[in-house]
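A short write-up of the structure that comes next.
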Amino acid sequence: MSRSTDRQTDPAAATASLAAEAALLEGRLSLLREAIESVDARIDAVSETLRRLQRPATGPTDGETPEEWASDTGPDRSKRGRA
């Protein structure tokens, strides 16, 4: 069988090629990690904004403590604002 002319047969050249590819992949991995961190930060910011919007403007009611108010462990919020 004859070898294809586009294949590298030199081990040093193959090693260099693989090292270069590994470096590129590490760079891409770093960029992806940064992007994930950015998305996580945006999710946290949006979540906090949504929590603030769900709270009544007057502050905690029904005897809630500020900790309960912030953590959704207090009274059932689904009954607020209903007659």
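The values are calculated or read from the model by the stated rules, or taken from the named source; none is laboratory data. Note that the structure is a prediction, hence the values are computed from the model and not measured.
Of note, residue 40 does not satisfy the criterion of being modelled with pLDDT under 80 and of a type outside the set (A, V, I, L, M).
Check segment 66-78 and report whether any residue there is of a type in the set (A, V, I, L, M, F, W, C), at pLDDT 60 or above, on the phi < 0 side of the Ramachandran plot and assigned to a helix (DSSP H, G or I).
Checked against the condition, which is being of a type in the set (A, V, I, L, M, F, W, C), at pLDDT 60 or above, on the phi < 0 side of the Ramachandran plot and assigned to a helix (DSSP H, G or I), segment 66-78 yields no hits at all.
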